[in-house]
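Undergrad: Okay, handing you the structure first.
No lab work stands behind these numbers, since they all come straight from the coordinates. This one's a predicted model, so the numbers in the text were calculated from it and none came from an experiment. We place every Cβ from the backbone using ideal geometry, glycine too, and count neighbours over all the protein chains shown.
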Amino acid sequence: MIDQLFGSKTRVKLLQLFYSNPNRSFYVREITRKIDEQINSVRRELANLLSIGIIVSRNDNNKLYYEVNQKFEYNAALSEIFSNKSKVKENSEKEHGQVVDSGIFRGIGNVELAFYTGQFTNDEISGIDLLIVGDVNRNKLEKFIIELESQENKEIRYVVMNLDEYVYRQQVKDRFISNIILAKKQVLVDKNGILEEENIVI
C-alpha cells in the first residue's frame, strides 16, 4: 500500500532507511547495499528526494553523502510514517520519557547509553564511531562489534565505559566527553535521559 502511495518501492526503502537513521549520512554504494536495489534506481530516487527537499547532500573526501533534511516542512510527519520508532516501542520500555531500544544490545549486558557518531553521522569531532556506557560482557561485545563491522563493511572505532566513569568525566568537563556531547549523533539507547541532562549542564 505504501509502495502504491509513494509510487516506488525504491523510494519507500530509501525513506525507511533515512528516517530510521535520522542523523546518519550514507553514500550511494552504501545505500544500494543496505536497501538491496539497483544503483541506477537508487540514484534516480535520491535525485527526486533531493529536488523535493526531503534529503540533503554534501561532498566529503570525494564521496557524496546523503541524509535527512531536518528542516523539511513535513519532516515530522514522514518520520512518523517511515521511522522504526513504532517497532522500537513494541520491544522496549519507557523510562523518564525516553524510549529504550532493548533489542539491539540484548545479551551484551546493561547498556545505559549508546549512540553512533563519527563515520555514521559524518562528524569526526569525537574521533569515535560508537560509544557504549554501562556494564557489558566484553566477549559478547566483541562479537557484536565484529558483526557490526561486517554489516557496515568498515572498521568501527568504539569506546566502552561504565556509568560512574562516564558521569565523573562529564562532571569534570573531560575533553573527550565534551567533544562527544557536541558531536552529531544517532542515539540507540538512552535509558535515563542522560543526554538531556548533559544539554542542561554543558
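Undergrad: Give, as a single signed number, the net charge of other residues whose beta carbon lies under 12 Å from the beta carbon of Gly127, with Lys and Arg counted +1 and Asp and Glu -1.
TA: -1
Undergrad: Can I ask one more? For Asn69, list long-range residues whose amide hydrogen, built 1.01 Å from N in the peptide plane, is under 5 Å from its own amide hydrogen.
TA: When sequence neighbours closer than 5 places are left aside, the close amide H contacts are Ile55, Val56.
Undergrad: Same structure again: Please check which bits of region 136-155 a label hung off Ile39 would reach, taking the label as a point 7 Å along Cα-to-C-beta and the cut-off as backbone N under 19 Å.
TA: 152-154
Undergrad: Another question about this same structure. What is the ratio of the Cα radius of gyration of region 2-73 to 2.2 N^0.38 Å, where N is its residue count, to two decimals?
TA: Here the answer is 1.02, to two decimals.
Undergrad: Among the listed pairs Lys154/Lys191; Lys34/Lys140; Lys34/Lys191; Lys63/Lys140; Lys9/Lys71; Lys154/Lys184, give every one whose C-alpha distance is greater than 31 Å.
TA: Lys63/Lys140
Undergrad: Please get the size of the charge dipole for region 135-175, origin at its Cα centre, with Cβ charges of +1 on Lys and Arg and -1 on Asp and Glu, quoted in debye to the nearest 20.
TA: 140 debye
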